Amino acid sequence: MSKDRVRQRVDPPHTLRHTCAMMLLHAGIDTASIALWLGHATIQTTQVYLHADLELKRRTLDWLPTIGNRPPARYQASDALIAFLTDR
C-alpha cells in the first residue's frame, strides 16, 4: 500500500481528540473534566462538543418527564418566602 493511501486512511489528530471527547461525554463524564483532559484553556472551548451532538440532545429529551396535554404549572411562592421578601 502506498504512503498516500495510508495517509488517507489515518484520521487527523483533531478528529481523534474529538472522537475521544465525544466518547467521554456519552459515558457521562462532565464537561469540565473533559476540558481539563483535552487541555482546553476554557470550558467554552469544550462546549462546542455539546452543541454538535444530536445523540446527547435526544437522550436528554428522552430522560425528561413528559408534560402531556396539560399546561405547565405556574410557580406559587410560599407564604414564608413572600413574608421574607416583604420584610427586606
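Here, each number is a calculation from the coordinates, and none is a lab measurement. Fair warning: this is a prediction, and the values are worked out from it, not measured in the lab. Cβ coordinates were reconstructed from backbone atoms using ideal geometry, including for glycine residues, and neighbour counts include every protein chain displayed.
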Find how much the distance from Asp53 to Ile29 grows on full extension, using 0.36 nm per residue of separation minus their present alpha carbon separation; answer in nm with one decimal. 7.2 nm
Starting from the Cα of Trp37, step 7 Å along the direction of its Cβ; do the same at Arg88; then give the gap between the two resulting points in nm. 4.0
